[in-house]
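Notes for the one structure printed next.
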Amino acid sequence: MDTLYERVYGQCPVWAQNILLSLYGYRINRIRYGGSYSAYYEEYVKRLKFTKNQLSELQNKQLQEVIKQAVEFVPYYRNQFEKSGLSASDIYDVSDLKKIPVLDKGPVRENPNQFVNECIKKSNLIKIHTTGTTGTPLNIYCDAGSRQRNFAYYNRFLWQNGIKHKRKRATFGGRIIIPSEQSVPPYWRYSYFQKNMLLSSYHISDATIPIYIDQLIKYKPAFIDTYPSSLYNIAKYANLHGIDLNGITGGITTSAETLYREQRQVIESAFGVPVYDQYGAAEMCVFLGQCKEGSYHIHSDYGVVELLREDGSTADIGEEAEIVCTGFVNRVMPLIRYRIGDRGVLSNRLCKCGSVFPVMDKLLGRVDDVIITPDGRKVGRLSPVLKGFPVKEVQYVQNNRNNVDVLIVKDLQYAESTEILLVTELRKRLGNKITINIEYVPAISRGEGGKLKSVISSVR
Ligand SMILES: [Zn+2]
């Protein structure tokens, strides 16, 4: 939504907001599901039957196409290839990618236009604004075709897990669909053409959760698409109060934040359906989706995923490394060997589900989701520390190496002794030199895009 639209929307009564949202949804649907969407979707679903060799052949072909267009029509790559004496034909398969340097977010952020294909008419460009890993804004350009390809892949992922994307859904996401000052229900709006009830992630609290639960029971969405933290809080409340949510929805998908094991267990036990997590990026260069076995499969026809060590060399199977992607979906703004900012561990096992898409054994938090200790250690993945603790939410804030503030939203069973145990657990990872300040807060405010950021740090 553009700013003017948002301003008008914010001042309307609820019924008018529903109409505006529906009209906006109509426009979005026309972009996503118009043009060649159906042909893409059919083609992509067929690929699920491909053998490993067929997939690999397809991937190399897609890569050649992307490189050829980039070198010919995208100023950044034309210059880069010219300077290094490379030509498009030097990149024949995935193993040739290492001839091209890795791309940081910096150049994309500073001058996005140099990554845009010159042949695309300006009037056909769609701008997507993303906060990126570090919260620094990034502008991504694409066109209707890119969106259609992207949603054909996404809906294939839903289909794989028995979820029909055309049926009614409920969404907890990052859009501010309910003005923040609104303190009375409804905390949702309805997008008619998208058959989508959008529920606010920003209004969830112990006081409002029963109202959300009532609405979900009444609405019975075919599936719920949510940030893990939003539905987790609702599920936790339902479990604690013995509210049965079994049967109210056919499936749950999560995205945008790391889905922790405990969150999955709590959500699955409350709703009685599996949670399928999905990992992607506004840059449209990577797509991973969970299967029925719980494995994260890399959709290798969406783009190439490489796992690289800090020195740029290829990591071994089973070794934790940085995720670097080359996307096939956004032909308007191709990103080649792009550092997405997350880490993972590649596996070579064949998943029991039968899919030949490669498996990522671990998908780890953001590269910058770390606390830096006074002795310079980078300590990441602090969330397991809180496993089993009566803590609803936590956020680590670090402004210098000697201190870390830990913001905690307590759960009912939180006692004085909890704090001592918690600090002991943190000390095991952070050591004794750092000062740990525990601060209790009623809620943790969401960052831009409505995501709960687990670490906010200005320390480098
Ligand atoms: Zn699988």
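The values are calculated or read from the model by the stated rules, or taken from the named source; none is laboratory data. Keep in mind that what you see is a predicted model, and the values were worked out from it rather than measured. Because the Cβ atoms are built from the backbone with ideal geometry, glycine has one as well, and the counts that use them run over all protein chains shown. Surface areas here come from the heavy atoms of the whole protein model, side chains and all, with no ligands, DNA or RNA. Shrake-Rupley method; radii C 1.70, N 1.55, O 1.52, S 1.80 Å.
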Virtual spin-label span in nm between Asp405 and Tyr5, 7 Å along Cα→Cβ: 3.6
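Answer rounded, prolate or oblate for the chain, using the Cα gyration tensor with square roots of eigenvalues a ≥ b ≥ c: rounded when a/c is under 1.5, else prolate when a/b is larger than b/c, else oblate.
Details: a/c = 1.58, a/b = 1.22, b/c = 1.30.
Because a/c hits 1.5 or more and a/b fails to exceed b/c, the chain counts as oblate.
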Enter the Cα centre distance for the pair the stretch 18-33 and the stretch 55-81, rounded to the nearest angstrom. 33
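Full extension from Tyr26 to Lys195: what is 0.36 nm times the residue separation minus their Cα-Cα distance, to one decimal in nm?
Working: separation 169, 0.36 × 169 = 60.84 nm, distance 1.03 nm.
Stretched fully, the Tyr26-Lys195 segment lengthens by 59.8 nm.
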Taking the Cβ of Tyr237 as the center, what net charge do the other residues with Cβ under 11 Å away carry, scoring Lys and Arg +1 and Asp and Glu -1? 0
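Can you give the % of DSSP beta bridges in the chain that are antiparallel, to the nearest 5? Write out the running numbers ahead of the final one.
Numbers: 44 of 69 bridges.
For the chain, the DSSP antiparallel bridge percentage is about 65.
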Is the stretch 1-140 rounded, prolate or oblate when judged by the Cα gyration tensor, a ≥ b ≥ c being the square roots of its eigenvalues, rounded requiring a/c under 1.5 and prolate requiring a/b larger than b/c? oblate
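According to the square roots a ≥ b ≥ c of the eigenvalues of the Cα gyration tensor, what is the shape class of the stretch 99-230, taking rounded for a/c under 1.5, prolate for a/b larger than b/c otherwise, and oblate for the remainder?
Working: a/c = 2.36, a/b = 1.72, b/c = 1.38.
Because a/c hits 1.5 or more and a/b exceeds b/c, the stretch 99-230 counts as prolate.
Say R0 is 60 Å: what FRET efficiency, to the nearest 0.05, do Asn432 and Ser269 get from their beta-carbon distance?
Numbers: r = 38 Å, r/R0 = 0.63.
Calculated value: 0.95.
Just need the relative contact order of the stretch 93-236 here, percent rounded to a whole number, with Cα pairs under 8 Å and 6+ apart. Numbers along the way, then the final one.
Working: 134 pairs, mean separation 26.1, N = 144.
Worked out over the stretch 93-236, it gives 18 percent.
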Distance between the C-alpha centers of the stretch 372-437 and the stretch 214-291? Whole Å please. 26
Within 10 Å, Cβ to Cβ, of Asn155, how many net charges do the neighbouring residues add up to if Lys/Arg are +1 and Asp/Glu are -1? +4
Got a number for carbon plus sulfur as a percent of the chain's accessible area, 1.4 Å probe? 51
Inter-label distance, nm, simple model (7 Å from Cα along the C-beta direction), Ser417/Cys12: 5.5
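Would you work out the relative contact order for the chain, in percent, from Cα pairs under 8 angstrom that are 6 or more residues apart? All intermediate terms of the calculation are to be shown ahead of the outcome.
Values: 824 pairs, mean separation 60.1, N = 460.
Normalised by residue count, the contact order of the chain is 13 percent.
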How far apart, in nanometres, would the label points at Lys362 and Glu262 be if each is projected 7 angstrom from Cα along the Cα-to-Cβ direction? 1.9
Below 8 Å, C-alpha to C-alpha, sequence gap of six or more: please give me the relative contact order for the stretch 214-369 in percent. 16
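Going through the stretch 37-141, which GluC sites (Glu not before Pro) have at most 14 other Cβ atoms within 10 Å and a DSSP loop state?
Details: sites: Glu42, Glu43, Glu57, Glu65, Glu72, Glu82, Glu110, Glu118; in loops: Glu118.
Those satisfying the criteria are Glu118.
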